[in-house]
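Asks: Dropping a structure here in structure tokens format, bear with me for questions.
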Amino acid sequence: MTTPEDRHIDGEISHELLKQLAYNEKMAELGRISAGVVHELNAPLSVIVSASQMIMREEGVPEFVREMIERINAEAQRLSQMTRGILNFSSHEETGGDADVNLTIDFVLDFLCYEASRRGVSLMRNLDHRLPVVPVDGNVLKQIVINITMNALQAMEHEGGRLLVETSSPNSSEVCIVIADTGPGIAAGSLSRIFEPYFTTKSPGEGTGLGLFVTRTLVENLGGRIEVRSAAGEGTSFTVVLPAGESD
Ligand SMILES: Nc1ncnc2c1ncn2[C@@H]1O[C@H](COP(=O)(O)OP(=O)(O)OP(=O)(O)O)[C@@H](O)[C@H]1O
Ligand SMILES: [Mg+2]
């Protein structure tokens, strides 16, 4: 039975979800624009990389010049690695068909490596390369992985730590993604509430409390399930289980 109060809550949720969807559209647009910008950046970057390599191969270059050129080369390579990551991440093709779970995780982690390093978090992955494909839009999978991973990085904001992403296929009909962090963990009182809409421990303006609610909705719409294990002081581990595609 739906009470007027429920309808009020439902109304609020759908309003927030609409806002979230409009935001996602804006992000997709931003993705398309940044893909263009990044593409334009690649040409001068590759000139810098190859020109600096040519100078380094020259004989008789003074030592201090060589050192500076090496730095220019290393920084340009770092930038072009980052731009490649942005390009991969922001590609918003409707994949529609099957998603390669490991590839999607690689895209998300490459994209978030700066966010991780500025918090002193080391990213580790242990991916099973014999996973079956999953009949999921790759963009939906990106959103699921990014929501859980960003929460973990935010939880390790001050102390740093480690984040491990593992994939496996416990049987041929399921794919399992585990995202585990060494952060502060979640107190028992909060643990039962984290999937509720608007539940957040972040300061106003820092979190809407919709991230895990949206994530669970997306996972369940795909016929999967999401579980969490955590205790205060012991880190947190999220497990997402998705049904695998038909193998033929
Ligand atoms: N890995 C984690 N470690 C510690 N706490 C976590 C972790 N993941 C989620 N939480 C807790 O769950 C709460 C709800 O998470 P959720 O993603 O739904 O919202 P949020 O991150 O607070 O806000 P938003 O996602 O909108 O930015 C968080 O505020 C935090 O207290
Ligand atoms: Mg969140």
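The values are calculated or read from the model by the stated rules, or taken from the named source; none is laboratory data. All of these numbers come straight from a predicted model, not from anything done at the bench. Using ideal geometry, Cβ is built from the backbone for each residue, glycine included, and neighbour counts are taken over all protein chains shown.
Asks: Condition first: of a type in the set (Ser, Thr, Tyr) and more than 8 Å from ligand 1 (Cβ to nearest atom). Now tell me which residues in region 197-238 satisfy that.
Replies: Answer for region 197-238, where residues must be of a type in the set (Ser, Thr, Tyr) and more than 8 Å from ligand 1 (Cβ to nearest atom): Tyr198, Ser203, Thr217, Ser237.
Asks: Can you tell me which of Val145, Val134, Val108, Val121 is away from ligand 2 (no atom under 16 Å from the Cβ) and in contact (Cβ under 8 Å) with a residue 40 or more places away in the chain?
Replies: Of Val145, Val134, Val108, Val121, the one residue that is away from ligand 2 (no atom under 16 Å from the Cβ) and in contact (Cβ under 8 Å) with a residue 40 or more places away in the chain is Val134.
Asks: Would you mind finding the one in Ile48, Ile105 that is modelled with pLDDT of 75 or more, in a helix (DSSP H, G or I) and assigned by TED's automatic domain parsing to the domain that holds Glu166?
Replies: Going through Ile48, Ile105 in turn, the sole match is Ile105.
Asks: What are the residues in region 135-154 that are within 9 Å of ligand 1 (Cβ to nearest atom) and surrounded by fewer than 18 Cβ atoms within 10 Å (Cβ to Cβ), if any?
Replies: Met150, Gln154
Asks: Okay, moving on. Out of curiosity, is Val140 within 26 Å of Lys19 (Cβ to Cβ), away from ligand 2 (no atom under 16 Å from the Cβ) and touching a strand residue (DSSP E or B) at 6+ places or on another chain (Cβ under 9 Å)?
Replies: yes
Asks: Sticking with this structure for a sec: Can you name the residue in region 184-221 that is away from ligand 2 (no atom under 13 Å from the Cβ) and crowded, with 18+ Cβ neighbours inside 10 Å and is also modelled with the lowest pLDDT among such residues?
Replies: Leu218
Asks: Only residues in region 195-217 that are assigned by TED's automatic domain parsing to the domain that holds Val140 count as the first member; pair them with residues that are more than 9 Å from ligand 2 (Cβ to nearest atom) and among the hydroxyl-bearing types (Ser, Thr, Tyr), Cβ under 6 angstrom, at least 6 apart or cross-chain, and list the lot.
Replies: Gly209/Tyr198
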